[in-house]
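Got a structure for you, written out below as structure tokens; questions coming shortly.
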Amino acid sequence: MLSQDLITEYVNLKNRIYIAYSGGPDSTALLNILADMNTNTSLDIIAVHVNHNLSKESKEWENHCKEACSILDIELIIESIEVVPDGGGVESASRKARYKVFENLLQENDQILLAHHSDDVAETVFMRLLRGTGVDGIEGPKLHRIIGKGNLIRPFLKISKKDILGYLNENNIKYIKDDSNNNNELDRNFLRNEIFPLLEERWNGFTKRINRTSSIFRDRNNMYTALINEKYSDLIGEKIEIKKIKGLSNSIISDILRYSIRQCNIALPNSKIMEEIIKTFINSSPGPKSIVTWSRSDKEEAAGKITYQKGFIIISKR
């Protein structure tokens with residue numbers, strides 16, 4: 001159920017709180033819960049509406065957000081952007097542009113809250129599985145991560161869409177209904193509108209099952225990360241001495257490379273690229289011209305490359 005406890009559990013109420021507010025049901029529920037809290041405790045709350053200018057209704061949605069924030073007495077920042085697809089599709093380009101806005105806004109200790117919920121976790125896990133994700137991807141969206149100088153927090157991850165709609169209907173709260181969510185040409189919409197209802201009909205509460213699995217993987221990954229960092233901390237980084245990892249098993253080498261690449265804020269390569277890296281730099285005799293490059297198809301994270309320099313593997317952005 002939706003409650004203020006979801007906010008107090010994860011959010012520092014003493015620091016500035018930005019709310020990513022699209023006007024849709026999820027962010028509307030989040031905004032109203034914070035507004036209710038603000039009546040009893042003076043909070044530093046600012047809503048942020050990013051107008052992607054992709055719909056003929058964009059201005060109408062912007063005006064809706066202005067009116068809602070005015071009624072709730074919450075400051076609203078509106079950022080109008082131009083979305084330029086860069087090979088990863090409009091969805092990906094919109095997401096990157098939106099997160100860039102958030103990154104530019106946040107100062108040290110600021111927080112931005114996003115209203116992703118348990119159904120979003122299931123969708124994200126499915127999308128990543130279909131893309132051929134590794135065990136990290138099965139974690140789904142993170143509850144907390146650093147963004148720019150501040151913190152991105154998703155307090156609704158354990159709450160279902162059904163709970164959110166129930167809260168809005170019970171409190172007679174208006175929200176935007178985006179017709180583009182019915183466009184099944186988009187992969188995420190296709191899963192949400194066509195596949196998930198079938199799965200729910202066959203396996204009642206299946207999104208909760210996906211969330212439980214995601215949580216198990218998260219705990220496992222956290223434990224394994226601690227163990228890898230404890231044992232191989234001197235090898236993990238943007239510069240790795242080849243002779244120090246040459247005697248290790250390929251699976252351990254792969255993990256040292258993965259953690260090093262992640263530390264550099266670069267997209268993780270898939271298993272085929274990882275095999276090529278090991279073949280080129282570990283199982284062969286690399287030279288100054290040796291290079292392996294990779295990127296994510298949706299351009300969500302920076303592309304990477306590995307080169308050779310005087311006995312070292314060098315990891316860098318491409």
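As I understand it, the value is the acute angle between the Cα axis of helix 250-263 and the longest principal axis of the Cα atoms of the chain; what does it come to in degrees, rounded to 10?
Orientation of helix 250-263: about 50 degrees from the principal axis.
Still on this model: Could you tell me which trypsin sites (Lys or Arg not before Pro) in the range 228-275 are loop residues by DSSP with no more than 16 other beta carbons within 10 angstrom of their beta carbon?
Within the range 228-275, the qualifying trypsin sites (Lys or Arg not before Pro) (loop, at most 16 other Cβ atoms within 10 Å) are Lys246.
Follow-up question, since we're still on this one. Calculated from the structure, P(r) over Cα pairs in 20 Å bins from 0, in percent equals which of (i) 30, 51, 19, 0; (ii) 27, 54, 18, 1; (iii) 34, 62, 4?
Matching entry in (i) 30, 51, 19, 0; (ii) 27, 54, 18, 1; (iii) 34, 62, 4: (ii).
If you don't mind, another one. Is the range 121-200 rounded, prolate or oblate when judged by the Cα gyration tensor, a ≥ b ≥ c being the square roots of its eigenvalues, rounded requiring a/c under 1.5 and prolate requiring a/b larger than b/c? Numbers along the way, then the final one.
Values: a/c = 1.84, a/b = 1.12, b/c = 1.65.
The shape class here is oblate.
Helix 206-232 against the longest principal axis of the chain: what's the angle in degrees, Cα atoms only, rounded to the nearest 10?
Helix 206-232 and the main axis of the chain meet at about 40 degrees.
On a 0 to 90° scale, report how tilted helix 90-105 is relative to the longest principal axis of the chain, with both axes built from alpha carbons and the result rounded to the nearest 10.
Between helix and principal axis, roughly 80 degrees.
Here's a follow-up. Taking all protein chains together and a probe of 1.4 Å, list Asp163, Asp73 from the most accessible to the least accessible.
Asp73, Asp163
Peptides 247-254, 110-117: what's the order by average Cβ count within 10 Å, highest mean first? Walk me through the numbers on the way to the answer.
Details: 247-254: 13.5, 110-117: 23.9.
In descending order of packing, they fall as 110-117, 247-254.
Which value in deg cm²/dmol, rounded to the nearest 500, describes the helix-derived mean residue ellipticity at 222 nm for the chain, given -39,500 (n - 2.57) per DSSP H run of n ≥ 4 and division by the residue count? Walk me through the intermediate numbers first.
Values: 12 runs with 144 residues, N = 318.
Using -39500 (n - 2.57) per qualifying helix, the result is -14000 deg cm²/dmol.
For the chain, give the magnitude of the charge dipole about the Cα centre (Cβ charges: +1 Lys/Arg, -1 Asp/Glu; no others), in debye to the nearest 20.
1680
With every protein chain kept in the model, how would you rank Val48, Val135 by accessible area, 1.4 Å probe, largest at the top?
Sorted by accessible area, descending: Val135, Val48.
Which of the trypsin sites (Lys or Arg not before Pro) found in the range 146-188 are loop residues per DSSP with 13 or fewer other Cβ atoms within 10 Å of their Cβ?
Passing sites in the range 146-188 are Lys149, Lys174, Lys177.
How many angstrom lie between the C-alpha centres of the range 63-123 and the range 162-229?
19
For the range 166-269, which GluC sites (Glu not before Pro) are both in a DSSP coil and crowded by at most 10 other Cβ atoms within 10 Å?
Filter output for the range 166-269: Glu185.
Can you send over the solvent-accessible area of Ser290, 1.4 Å probe, protein chains only, in Å² to the nearest 10?
Accessible area, nearest 10 Å²: 20 Å².
Taking a threshold of 22 Å on the Cα-Cα distance, which of the pairs Lys96/Lys158; Lys66/Lys162; Lys14/Lys174; Lys279/Lys317; Lys66/Lys96 fall above it?
Lys96/Lys158; Lys66/Lys162; Lys14/Lys174; Lys66/Lys96
Also: How would the range 97-238 be classified by its alpha-carbon gyration tensor: rounded, prolate or oblate, with rounded meaning a/c under 1.5 and the a/b versus b/c comparison settling the rest? Before the final figure, lay out each step's value.
Values: a/c = 1.95, a/b = 1.34, b/c = 1.46.
It comes out oblate by the Cα gyration axes.
Between Ile261, Phe206, Ile195, whose Cα lies farthest towards the positive end of the dipole of the range 194-302 when Lys and Arg beta carbons carry +1 and Asp and Glu beta carbons carry -1, centred on the Cα centre?
Most positive-ward Cα: Ile261.
Let me ask something else. Where Lys and Arg each count +1 and Asp and Glu each count -1, what net charge lies around Leu76 among other residues with Cβ under 15 Å from its Cβ?
The answer is -3.
Note down the relative contact order for the chain as a percent, whole number, built from C-alpha pairs under 8 angstrom at least six residues apart.
15
The values are calculated or read from the model by the stated rules, or taken from the named source; none is laboratory data. Note that the coordinates shown come from a computational prediction; the quantities given were computed from them, not determined experimentally. When we count neighbours, we look across all protein chains shown, and the Cβ atoms used for this are built from the backbone with ideal geometry, even at glycine. What goes into the accessible areas is simple: the full protein's heavy atoms, side chains included, and nothing from ligands, DNA or RNA. Shrake-Rupley method; radii C 1.70, N 1.55, O 1.52, S 1.80 Å.
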